[in-house]
Amino acid sequence: MDEAGPRLRQHAETQHPRRRASHRRPRSPRDGLLLAQGPKQVPTPRHHGARERTRSAASGTRTGELMRPHPWLRTSVWSLLLSSLLLGACSSPSPRSKGGKESKPDIILYSEADDQRAGEEAAKEIPMAIGVVNDPALKRYVERVGQRVAHQAPRTSFTYSFQVVDQDAPNAFALPGGFIFVSRGLLILSNSEDELANVLGHEIVHVARRHASARQSMMNSLPKYLRWAAVGQVTAYGRDQERESDRLGQGLAAVAGYDPVGMANFLRELEFSERLQLGFSRHQGYMDTHPATSERVARAGARARTIRWTPRAPIAASHAAYLSQLDGLVVGIGAAEGVFQRDRFLQADMGFSVRFPDGWDVINTRAAVGAVSPDRKSQVVLETQGQGTDPRKSAQEYLDEAQTQGLRVESAQDIVLGDVPAYRVEGRARSPAGPVGVHFTWFARDGVMLRLTGFSVGLGSRGAIFVNVARSFRTITPRERASIRETRLRIVPARGGESLTQLSKRTGNAWDIQQTAVTNGIFADATLDEGQLIKIAVSRPYRNTPAR
């Protein structure tokens, strides 16, 4: 793995000192937006899938993380599987004509009113599909920063709103109509309000230019019984759209009084985070719908030196005030969502355990927990289906709609999992990739109905594997419950002259030195100043407290 650097981030004070207010009006990003209001047809779908950390079920350790087609983070295994299993051409990058130019997608939202309605509907799914951070003060803070930047955008028919979603990946995404989300992972990686404002500016431009509209159109085209896996997974913007959003978003932040170098600083932190996680920085050509992060860093840094801007007092009065907003955030996947120990999933709050297939990549999200086969042709997913105690009744309610959308039921029967009544259904569905074998099992736990779904591409069946997963369901043991831990962000003051190694040992930091350096944007071998605030990760036994 490449060393994360001697210097991971050039501070704004050294790279781009705040200039005196200029009498000359900056070249406003609003000018560019007004000259080119978003087209009625959206040229390129967008991907904003969350980077999910994956582990080999065989080893129980984290494996490499997949490359990301989104500007802030990597795609998830769910997204890659969907592209071949469920969505086919619907989730691929923008279709191109024979001449190599991007062609218009078939499914579009035609007006801003359409955007608003579609965004409102999609936003309702976010709390269940991804989750939102339970911290009213943090939400108010992000909302204030976002509204300050959004006030500079030319479009006034959208009412912008800003939320913090419960994702460990550094992610930001926008829904049509002005619904903008940033992840707790992005906030943890950031080091200033200037950086946050530039990221929000980038997303605001996507909304104002109506780049986000095609994402929801694609989602609406899916049958509902397949849509569960696509929530939060959308297709990629084009390179030109990303460059435009970087450029105009940087300008919006500057007009709002934020240092435009914040864009370059955050992208640099993201680049080093990529290098730390993957062993290299992503290069253009791997996913040619997006510029490489290193290119974006260089462009943003050069552009920041040309933007005239007038500094305004930040909403967080100091660096310490900014970091205090982040203190206590969950690092990684919260234990409330359940944890994996090798291939066994432990859900302490609901008190159950289930084992997924050995050697499959396991994934845990707010919407579902599951595993993907090594050949990427099968997946098995466990999710809730509301309140209920009658598996047959819950199955029928679900199947009534699924059958109208192409699902063909081939067999159905009452079964028992240990001493738990259950209901099993096998069938077939169609996707752009061909036939999909579907295997469902419904069973209840403490008044909550659970649905286990297995998908397999092609005519071959992995029904026996899916049956074994269902049979592995059992009550969590006291020893398993006691073994569950959760990691949270803490802000600690350094002692004068100590190193990150010394600080980490003194404070019980769960991150290694490189991760700590990346997250704080400092030298890995830095000598710390007295009182210098450092972000660390602290692991504690899980006590079923609300996540933030």
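With the condition kept exactly as written, say whether any residue in region 232-251 is modelled with pLDDT of 90 or more, touching an Asp or Glu at 6+ places or on another chain (Cβ under 8 Å) and either under 19 Å from Glu203 (Cα atoms) or among the hydrophobic types (A, V, I, L, M, F, W, C) (or both). Within region 232-251, one or more residues are modelled with pLDDT of 90 or more, touching an Asp or Glu at 6+ places or on another chain (Cβ under 8 Å) and either under 19 Å from Glu203 (Cα atoms) or among the hydrophobic types (A, V, I, L, M, F, W, C) (or both).
Determine if region 503-518 includes at least one residue that is closer than 30 Å to Asp390 by Cβ, of a type in the set (Ser, Thr, Tyr) and surrounded by fewer than 22 Cβ atoms within 10 Å (Cβ to Cβ). No, that holds for no residue. Scanning region 395-417 turns up one or more residues that are outside any strand (DSSP E or B), in contact with a strand residue (DSSP E or B) (Cβ under 6 Å, 6 or more places away or on another chain) and on the phi < 0 side of the Ramachandran plot. Might you let me know whether region 338-347 holds any residue that is part of a loop (DSSP other than H, G, I, E, B) and more than 23 Å from Arg481 (Cα to Cα)? Looking for residues that are part of a loop (DSSP other than H, G, I, E, B) and more than 23 Å from Arg481 (Cα to Cα), one finds none in region 338-347, hence no. Within region 128-173, the set of residues being in a helix (DSSP H, G or I) and without any contact (Cβ under 8 Å) to a residue 40 or more places away in the chain comprises Pro136, Lys139, Arg140, Glu143, Gln147.
Do we have Gln116 as in a loop (DSSP other than H, G, I, E, B), in the same structural domain as Pro260 (by TED's automatic domain parsing) and closer than 27 Å to Asp240 by Cβ here? Criteria not met by Gln116.
Identification of helices (runs of 4 or more DSSP H) wholly contained in region 466-542 with 1 or more residues that are without any contact (Cβ under 8 Å) to a residue 24 or more places away in the chain and farther than 22 Å from His319 by Cβ yields 478-483, 500-507. Count of region 353-391 residues, restricted to those that are loosely packed, with under 15 Cβ neighbours inside 10 Å and either at pLDDT 95 or above or of a type in the set (Val, Ile, Thr) (or both), is 2.
The values are calculated or read from the model by the stated rules, or taken from the named source; none is laboratory data. Everything numeric here is computed off the predicted structure, so don't read it as measured data. Counting neighbours? That spans all protein chains shown, and the Cβs are built from the backbone with ideal geometry, glycine included.
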